[in-house]
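So the structure is just underneath, and the comments pick up after that.
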Amino acid sequence: MEGEKDILFVRRDKDGAVTLYIDEDWAAERGVDPSQLVKIEIPRELYANGTVQQLREYAATCLESLDNSTP
């Protein structure tokens, strides 16, 4: 059985930094174009107990995987 997951919306900035958003509305309130966001599933344990840095690193790894799988 796959573990439960939570969702974060992620944007990689031009300088490579990863910014996390709890939902698209919150991102839009901060001036982010929702089309720039990538929806990432975060394992529940990491989401509940991880640090912000751990969440960013996980999201960055997911984004890199997506970039590498795109031809």
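The values are calculated or read from the model by the stated rules, or taken from the named source; none is laboratory data. What you are looking at is a predicted structure, and each value in this text was computed from that prediction instead of being measured. In this analysis, Cβ positions are derived from the backbone assuming ideal geometry, glycine residues included, and neighbour counts consider all displayed protein chains. Ligands, DNA and RNA are excluded from the accessible area calculation, which covers all protein heavy atoms including side chains. Shrake-Rupley method; radii C 1.70, N 1.55, O 1.52, S 1.80 Å.
In table form, for the structure just shown:
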{"item": "Viscosity 1.306 mPa s, temperature 10 °C, Stokes-Einstein D of segment 1-55 from Kirkwood C-alpha radius, µm²/s", "result": "133 µm²/s"}
{"item": "1.4 Å probe accessible area per residue over the chain, in Å²", "result": "72 Å²"}
{"item": "Summed side-chain charge close to Trp26 - residues other than Trp26 whose Cβ falls under 14 Å, Lys, Arg +1, Asp, Glu -1", "result": "-2"}
{"item": "Computed [θ] at 222 nm, deg cm²/dmol, the chain (DSSP H ≥ 4; -39,500 (n - 2.57); rounded to nearest 500)", "result": "-12500 deg cm²/dmol"}
{"item": "Largest-first ordering by accessible area, 1.4 Å probe, given options Thr51, Thr19", "result": "Thr51, Thr19"}
{"item": "Potential extension, Ala48-Gln36 segment - 0.36 nm per residue separation minus Cα distance", "result": "1.8 nm"}
{"item": "Total formal charge among the other residues, if their Cβ is under 13 angstrom from that of Val10, Lys/Arg +1 and Asp/Glu -1", "result": "-4"}
{"item": "Portion, in percent, of the accessible area of the chain that falls on carbon or sulfur, probe 1.4 Å", "result": "48 percent"}
{"item": "Placed amide H near Ile42: partners under 5 Å, 5+ positions off or other chain", "result": "Asp6, Ile7, Leu8"}
